[in-house]
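Read through the structure below, which is laid out as C-alpha cells, and then see the notes.
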Number of protein chains: 2
Amino acid sequence: MALISPSRRLRRTPFSDGVEAAGVSAFTVYNHMLLPTVFRSVEEDYRHLKEAVQVWDVACERQVELRGPDAGRLMQMLTPRDLRSMLPGQCFYVPIVDETGGMLNDPVAVKLAEDRWWISIADSDLLFWVKGLAYGFRLDVLVDEPDVSPLAVQGPKSDDLMARVFGDQVRDIRFFRYKMLDFQGRSLAVARSGYSRQGGFEIYVEGSDLGMPLWNALMEAGRDLDVHAGCPNLIERIEGGLLSYGNDMTDNNTPHECGLGKFCNTQTAIGCVGRDALLRVAQEGPIRQIRAIEIHGERVPSCDRPWPLMAGDTQVGQVTSAAWSPDFGTNVAIGMVRMTHWDEGTDLDVVLPNEVRAAQVWETFWV
Amino acid sequence: MALISPSRRLRRTPFSDGVEAAGVSAFTVYNHMLLPTVFRSVEEDYRHLKEAVQVWDVACERQVELRGPDAGRLMQMLTPRDLRSMLPGQCFYVPIVDETGGMLNDPVAVKLAEDRWWISIADSDLLFWVKGLAYGFRLDVLVDEPDVSPLAVQGPKSDDLMARVFGDQVRDIRFFRYKMLDFQGRSLAVARSGYSRQGGFEIYVEGSDLGMPLWNALMEAGRDLDVHAGCPNLIERIEGGLLSYGNDMTDNNTPHECGLGKFCNTQTAIGCVGRDALLRVAQEGPIRQIRAIEIHGERVPSCDRPWPLMAGDTQVGQVTSAAWSPDFGTNVAIGMVRMTHWDEGTDLDVVLPNEVRAAQVWETFWV
C-alpha cells in the first residue's frame, strides 16, 4: 500500500486527535475527509467489533441540512421513497437518484422537524445536487453543510457503553429512530443505526468543540468493556451485505439494481426526480442486480478495481468489494450480476488482476 | 504518514499501471480518483520538474461535458467570467460560484464547439451542480462525465518531448489554446496548460484504452530528455501561487477573495448564477484575500489543517498550504489574510500544531 499525503483538502475531523492517539494505521478519503480504515489490523479490528464495542470517527458522513418551508418538498424531490408517513424522530435510508434514475448517493435522511432535515451522506457531494435543484426550482429553503459530525458506537456492548454516557434511555431507542439526549449540557441526536451488523448507535455531534470531550468520555466509560477505536470494517460489512456507494454502485445503477427496490415507492413519491425512469424500471425489473459472491481459494488481494465475472467467454457481471472472512473461512464478496446468471448457486469465474478464480452466486449475504 | 487503503471507490486511472511501474510512493484522492503526489521525493521531483520533463497522471481532472443547444447558456450560468468572446480552440480558467458567490470549483473550461464544452474540474463533484441546474431550468443539454482523462507533460523540455510524439505543430500551440492532434489514428485535444509554472501541455485522452499506449510512447520518446513520471508538486505550485480548491479556497470564499476578480466580468456575464452577490462584492472589494506568506525558521511540517495567522491575540487569517522551498531557502506558503493586515511586508505569527512561528505577508508569489 502507498502512503496518503496530508493536506487541508483531506479534512481532519473533530475526532482526529483521538484517532491518531489510538494508533490509526490507514485511511481512506470520504467526502473530502479522512476516514480511518485500519487500527490494529483489519482482522483484529473485525474480531474485536464482533465481540466488544468500538468508537468510530464517521464524521465523513457529512450532513446536508434542509431548512425552511419547502424543506419537505425538496426532500421528497430527492428520493423515490415515499416520505409522507415519516415523523420527526425517524431516520430513513433513502436512495437518491437523478432524472434517469441513476444513484447519486444512498444516505440516511433524519427528520428533525417538518421544516428541517439532515441528510447523512455517502461519498459524493450531494450538497451540490440539492443546491442546484433548490435554486433551479426557486424553492424556499436553506441548504448547507452544518457543523455536525457523526460518531458511531458499534458492537454487541454498545448499549452498555452508551448507557453509561447518555443514561439508560438509550436502551429504548428503536432501530432507525433517534432521541435528543444530553451531553455536557448540549442536546445531541442519538440514533440506533450504523454501518455494521453488530448493533449500535450514531451520535450526531453538533459542534466540533464537543468532539474530543465525547470521544474521551466514551473511551473512559468503556475501559472495562474493552472499548477501542474502530472504523467501518471491510470484512464485516461484506459479510453483512452493506453496500458502499462508489464501490458497489455508482450513478450508472438504479436503486433496483442495487436491491434497493424495497425503498422505492415510486408510484406514490409524487414530485420525485427520476420518477418517470424508475416507474419503467419498477415495472420491468432490473436486468442486473447486486448479489453475494463467494470466491473460492486462497485470500484474494484488495479489490481496487472491478473484477469481471465471466460465464465462459462472456462477461456477466463484476465484483466490486471482496475480503477474506475468518468466520466463514472463504472470500466474501459483493458483485453485480446479469439476470441470466444471478440465480442462487450459479458457478462463474472471476478475473483478478493476476489470475482467474472460481466463484459462486448467492442470493443472501452471510449474516 | 499513514497508508491509503485501496478500494474501487478510489478510482484507478487509465495511467495507473504506468504510475505504479514508475514507483509512485504516495497518493492523494481527488475527484474520487487516485492522484500521485510523490515519486522519488517531493524535493527530487521538484528539482527534476524544473530541469527536465515529466509525465503526469492527472486523470483526476475529470471532465463535465455539456452538449446540446443550451450548452453555451448553461456554461455562462456557471461562471461570472464573460464567455461571449470565447472561441472553439480556447481554454478559459473559470471560477464557478453558487448563488451567494461562493466558489464551488475553479476549473478550466474547454470550448469544443458552440454546442459542446468540457469543464476540466478541481476537486468537487461539479457534475451534480451542473446537472441540478440543467434539470431545474429544463435546459436542452446533456450533462455527463465522459471517458476523458488528462495526461500532463510539464517541465522546460515539454515542447521537445511533445514534438517527438505529436509533431512540431505542438510548438505553435499558444497558452490556454488547444489543437486537435493525432495519436495512433485518434484525434486528441492537446492544450498548452497545466498545474505548474514550468510550461507544458495537457492531453485530453479520450478513451481509456489509449492511456497506456500514450504513456509508454512519451516515456520511450523522452528517454534521452530524462523524462520521468511526475505529479503536481507541492513546493513548485506554492512558489508559483497556484491555488488548490479545497486547500486554499472553499465554498466559503468568493473569487475576489481568491484573487480571481480578474476572471470575473460580473456586470456583463448575463445569466450567471451568483451575479447579484458578486456585483456587490465587486463594488466593495473583498475584506480578506489570498496572499503569499513566508514562514521563517526551519522546515515546517505538512499543512494538514488551517494554521491561524495572528496579529498579537487577534486572528487575521490562516495558512492553508506550506512547504520548504530549496530554491528560495525559506518556507513558502499560501494564506488568506484580512485587509487590515494584508499589506506587503506585514509581520504576523502563524500557529503551527506545536509552535508559533514568525511569518510575513507578500503581495506576489515567488515566481
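Can you classify the range A:287-367 as rounded, prolate or oblate using the Cα gyration tensor, where a ≥ b ≥ c are the square roots of its eigenvalues, rounded means a/c under 1.5, and otherwise it's prolate if a/b beats b/c and oblate if not?
Oblate shape, in that a/c is at least 1.5 and b/c is the bigger or equal ratio.
Can you spot the aspartates and glutamates whose alpha carbon is less than 19 Å from residue A:262's alpha carbon? Ignore those fewer than 8 places along the same chain.
Counting by Cα, and skipping residues close in sequence, residue A:262 has these aspartates and glutamates nearby: A:82, A:98, A:106, A:248, A:251, A:276, A:284, A:363.
Residue A:196: net charge of surrounding residues, Cβ under 15 Å, Lys/Arg +1, Asp/Glu -1, itself excluded?
-3
If you add up the charges near residue B:297, with Lys and Arg at +1 and Asp and Glu at -1, over every other residue whose beta carbon is less than 11 angstrom from its beta carbon, what do you get?
Charge balance near residue B:297 sits at -1.
Would you calculate a helix-derived [θ] at 222 nm for chain A, using -39,500 (n - 2.57) for each DSSP H run of n ≥ 4 and dividing by the full residue count, to the nearest 500?
-5500 deg cm²/dmol
Could you grab the relative contact order for the range B:193-333? Cα pairs under 8 Å, six or more apart, rounded to a whole percent.
Relative CO of the range B:193-333 lands at 21 percent.
Using the alpha-carbon centroid of each, what span in Å lies between the range A:123-154 and the range B:320-338?
Comparing the Cα centres of the range A:123-154 and the range B:320-338, I get a distance of 34 Å.
Once you keep just the Cα pairs under 8 angstrom separated by 6 or more residues, what percentage relative contact order results for chain B?
With pairs under 8 Å counted, the relative contact order is 18 percent.
Out of the DSSP beta bridges found with both residues in the protein assembly as shown, what percent are antiparallel (nearest 5)?
If I count the DSSP bridges inside the protein assembly as shown, around 90 percent turn out antiparallel.
Please work out whether the range A:169-300 counts as rounded, prolate or oblate from its C-alpha gyration tensor, where a ≥ b ≥ c are the square roots of the eigenvalues and a/c under 1.5 means rounded, while otherwise a/b larger than b/c means prolate and anything else oblate?
Oblate, because a/c is 1.5 or more while a/b does not exceed b/c.
Could you state the number of Å between the C-alpha centres of the range B:272-291 and the range B:293-315?
26
Determine the sum of side-chain charges near residue A:241: Lys and Arg each +1, Asp and Glu each -1, restricted to other residues whose C-beta is under 10 angstrom from that of residue A:241.
+1
Taking the Cα centroid of the range B:37-100 and of the range B:168-223, what is the distance between the two, rounded to the nearest whole Å?
Between the Cα centre of the range B:37-100 and that of the range B:168-223, the gap is 15 Å.
Ranked by Cβ crowding within 10 angstrom, fewest neighbours first, how are A:218, A:74 ordered? Provide the component values of the computation, followed by the final result.
Numbers: A:218 23, A:74 20.
Ranking A:218, A:74 by Cβ neighbours within 10 Å, fewest first, gives A:74, A:218.
Would you work out if the protein assembly as shown is rounded, prolate or oblate? Take a ≥ b ≥ c from the square roots of the eigenvalues of the alpha-carbon gyration tensor; rounded if a/c is under 1.5, else prolate when a/b is larger than b/c, oblate otherwise.
Rounded is the answer for the protein assembly as shown, as its axis ratio a/c remains below 1.5.
Averaged across the residues of A:120-127, what count of C-beta atoms belonging to other chains lies within 10 Å of each residue's C-beta?
4
Among the aspartates and glutamates, select those whose C-alpha is under 18 Å from the C-alpha of residue B:157, and discard any that sit fewer than 8 residues away in the same chain.
Of all the aspartates and glutamates, those that pass the test against residue B:157 - Cα under 18 Å, at least 8 places apart if same chain - are B:44, B:45, B:51, B:57, B:168, B:172, B:202, B:220, B:224, B:226, B:236.
How crowded by other chains is A:7-17, given as the mean number of beta carbons from other chains within 10 Å of each beta carbon?
Whole-number average of other-chain Cβ neighbours for A:7-17 is 5.
If you count, for every residue in B:95-104, the Cβ atoms of partner chains within 10 Å of its Cβ, what is the mean?
2
Where a number appears in this text, it was derived from the coordinates with a stated rule and is not lab data. Note that the coordinates shown come from a computational prediction; the quantities given were computed from them, not determined experimentally. Cβ atoms come from the backbone with ideal geometry, glycine included; neighbour counts cover every protein chain shown.
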